[in-house]
Amino acid sequence: MKLVLHPGHSKCGSTSIQRAIIKNRLILEKSGYVIPDPQMRVRGDQGFNPNGETPRPFFRKVMESNDTSELSVKLDRILSKKEFSDKTLLLSAENLVNQLKRPSGYNIHNVLKKYFSEVKVLYYIKPFDEFLLSAWQQWGYKKGKSFEGFVDEAIKVNNPSFKLAAEFFSYTYGRENLSITIVKKEFLKDGSLLNDFFYKLDVPPGELDLKSSESNVSLSPALCELLSYSPGLFKDIHDESVKGLLSSYLGRNSLIFEKMPGFVSKETSDKIAHSFGNDARLICKNYMESATPNDLLSSSTVTSEEGYDEVQMLKRQVAVQTELLISLMKTCSYKE
């Protein structure tokens, strides 16, 4: 049995890929893939959930317990099924890229390496500035961090650790078995992340349903900056209640979801490029010959010469507040 591993780095399209895997489970199975459910059960196992997410919850439990024995039990059962002998196990989970320097992380990969002699690792990464902006919009502002403060903190701890993960997967599974792709149109099959992923799986595209709505849409940078002054609104960095509440009143076409292209100023982009330049050069040199460090360091969709000045930011924040106020007034008048 073979293994295809998608250690989906957060904020690099992993949710979209995983939803597409579940949506196309039957087609993937016909093409020779075995898709585990959230608890690492496969078709034929008691309690198997064909509509559940990929086994991220299972790997989280393994990491928290720092005990891989249950993983070994699951793999033993999967590999014991004669009908799976010529098939490929497909594992996709963001936490498979976590804690790679700790036993809780690298022990999982040591087990996988022991069980599978033929492995393909599909690792997708974003330009550093785009990743940092997305990560801040997802988690950083909830901790009371401005974007600039979040970037400074990320630089201190070398996050994202794309280079560390690339070197780990290369060492563990073999350089020849590692595919690293930048999530930019020019590096993706037909300019599409999902097309690229399933192309790498060698699954004929004809029957696949690759239509996807935007997943995990972020609040606008202007609103995130405003909310960063009120971290007490959030239980933790995973608390999405504020976004849900605003969305329920304003809808998905609201200014609260404005993308604000070019939000990252050239000054900040240059700081990011300086700090992560060596990582980008090593990744491109060792793993992506078709890419240059600049391809990985910056994205024209998030960076501009000027960024947004204080007045522009204030105007957008006032516009959001005005939109919310009018929406609430309309709601109250309808009730009356």
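Laboratory data are not the source of any read-out in this text; all were calculated from the coordinates shown. Fair warning: this is a prediction, and the values are worked out from it, not measured in the lab. Every residue, glycine among them, receives a Cβ derived from its backbone with ideal geometry; neighbour counts consider all protein chains shown.
Couple of notes before you dig in:
- Equivalent ellipsoid, the range 150-241 (semi-axes from 5 times Cα gyration tensor eigenvalues, Å): 33, 23, 12
- Rounded to the nearest 20 debye, dipole of the chain from Cβ charges on Lys, Arg, Asp, Glu: 940
- The range 1-134, relative contact order [Cα under 8 Å, separation at least 6], %: 44
- Exposure proxy ranking, count of Cβ atoms within 10 Å, fewest first, for ILE155, ILE272: ILE155, ILE272
- Degrees between helix 103-115 axis and first principal axis of the chain (Cα, 0 to 90, nearest 10): 40
- Angle between the chain longest axis and helix 241-250 axis [Cα atoms, degrees, rounded to 10]: 60
- Between the residues PRO160, VAL34, PRO261, the greatest Cα displacement towards the positive end of the dipole of the chain, with unit charges on the Cβ of Lys, Arg, Asp and Glu, is found for VAL34.
- Here the Karplus relation 6.51 cos²θ - 1.76 cosθ + 1.60, evaluated at θ = phi - 60°, turns the backbone of the range 89-94 into coupling constants of 7, 10, 10, 10, 6, 4 Hz, with x for every Gly and Pro.
- Angle in degrees between helix 266-287 and the longest Cα principal axis of the chain, rounded to the nearest 10: 10
- Prolate/oblate/rounded label for the range 1-63 (Cα gyration tensor, a/c 1.5): oblate
- Stokes-Einstein diffusion for the chain, with the hydrodynamic radius set to the Kirkwood value over Cα pairs and evaluated at 25 °C in a medium of 0.890 mPa s, equals 113 µm²/s.
- Kirkwood hydrodynamic radius (C-alpha pairs) into Stokes-Einstein, the range 221-336, 25 °C and 0.890 mPa s, D in µm²/s: 144
- Note on the chain: GNM, Cα springs under 10 Å; of PRO204, PRO55, PRO38, the largest mean-square fluctuation is that of PRO204.
- In this calculation the C-beta distance from SER247 to GLU83 is compared with R0 = 30 Å, giving a FRET efficiency of 0.10.
- Rounded Å value of the spacing that divides the Cα centres of the range 1-54 and the range 298-336: 38
- Amide hydrogen proximity for LEU89: with H placed 1.01 Å from N in the peptide plane, the residues at 5 or more positions away or on another chain lying under 5 Å are LYS2, LEU3, VAL4, VAL34.
- For the Cα trace of the range 129-288, dividing Rg by the Kirkwood Rh returns an Rg/Rh value of 1.01.
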